[in-house]
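Following: one structure in structure tokens, then a few remarks.
The values are calculated or read from the model by the stated rules, or taken from the named source; none is laboratory data. All of these numbers come straight from a predicted model, not from anything done at the bench. Backbone-built Cβ (ideal geometry, glycine too); neighbour counts: all protein chains shown. Accessible surface areas use protein heavy atoms only, side chains included; no ligands, DNA or RNA. Shrake-Rupley method; radii C 1.70, N 1.55, O 1.52, S 1.80 Å.
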Amino acid sequence: MLTVDYDRLDLSAGERLLDLGCGFGRHSYEALKRGAEVVACDLARPEVEQVRDLARLLVAEGEVGQSVTAAPVQGDAVGLPFDDDSFDRVIASEVLEHIGDDESAFAELARVLRPGGRLAVTIPAWLSETVCWKLSSDYHAPAVPGGHVRIYRLRDVRRKLASAGLQPGRWHRAHALHTPYWWLRCAVGPNREVSENRLVGAYHRVLEWDIVKQPRVTAAAERLLNPLLGKSLVVYADKPLHASGSERARRSEDMAHAA
């Protein structure tokens, strides 16, 4: 289940992509299948190890070429272990809402993206997230260690991308069918097992069926509902050709000292 639209990301074979907050690798696998060189980065070691192992399996089964590489890296978004201007494309999917110092994370994303490169940031959309927070305090931090610490509006994301030296561009929402599911879970208790509530369990089975079968009817429903009910907001941004990572880092330090 992809959140980022790879056509809008404009990823080409042979390009180097950073999948920050890779989780168990859904965006990494798609990039590998498109022939990209992928660096899968996450704070949690089990996630990056699973991405490494499954990438090897994809090669063994012939789903991706022998020359395609997937490098697992354990790292922190506020201090990425990569050189300036290292990546042609960057994805940060459902990461920034977990980070207290998100402006440093935005600056790091800009630093490691090469001039002329493109980034895709995904975060929980405002409407979906606001209702979840109102329905249950157990859905987010501080009740959930490492959970969501803020709710973004589109203008917040665009402003922070611009402050990091990037040029925000197109955007869209995704996964509208998941929004009522999470509202339902928050209403009955987000930490309860899915099987404990019949409605939650039934909705969960529908979502699993949709992910596996990808029927046209649910795809059409999501396209219709995404502008309002999309669970995730996706914003794309470009790094100007004249900018470099080191210049961006110095500018961030100057702004911090001025403040």
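Return an integer: the convex hull volume of the alpha-carbon atoms of segment 63-137, in Å³ per residue.
Per residue, the Cα convex hull of segment 63-137 comes to 156 Å³.
Computed over the Cα atoms of segment 1-96, what is the ratio Rg over Rh, Rh following Kirkwood?
That ratio equals 0.93.
With an 8 Å Cα cut-off and a minimum separation of 6 or more residues, compute the relative contact order for the chain in percent.
Relative contact order comes out at 21 percent.
Using packing as a proxy for protection, rank 146-157, 203-214 so that the peptide with the highest average count of other Cβ atoms within 10 Å comes first.
Highest to lowest by the protection proxy: 146-157, 203-214.
Of the DSSP beta bridges with both residues in the chain, give the percent that are antiparallel, rounding to the nearest 5.
40 percent
Leaving ligands and nucleic acids out of the surface, order K239, K160 by accessible area at 1.4 Å, largest first.
The most accessible residue leads, giving K160, K239.
I need the per residue convex hull volume for segment 53-211, using only the alpha carbons, in cubic angstrom as a whole number.
In segment 53-211, the Cα hull volume divided by residue count equals 157 Å³.
Per residue, how much accessible area does the chain have with a 1.4 Å probe, in Å²?
50 Å²
Rounded to the nearest percent, how much of the accessible area of the chain (1.4 Å probe, protein heavy atoms only) is carbon and sulfur?
Of the solvent-accessible surface of the chain, carbon and sulfur hold 52 percent.
Straight distance only, please: which lysines reach the Cα of K231 with their own Cα at less than 18 Å, same-chain residues fewer than 8 apart left out?
By straight Cα distance, K231 reaches K134.
Give the accessible area for S67 in Å² (nearest 10); use a 1.4 Å probe, count only protein heavy atoms, and leave out ligands, DNA and RNA.
Rounded to the nearest 10, that gives 110 Å².
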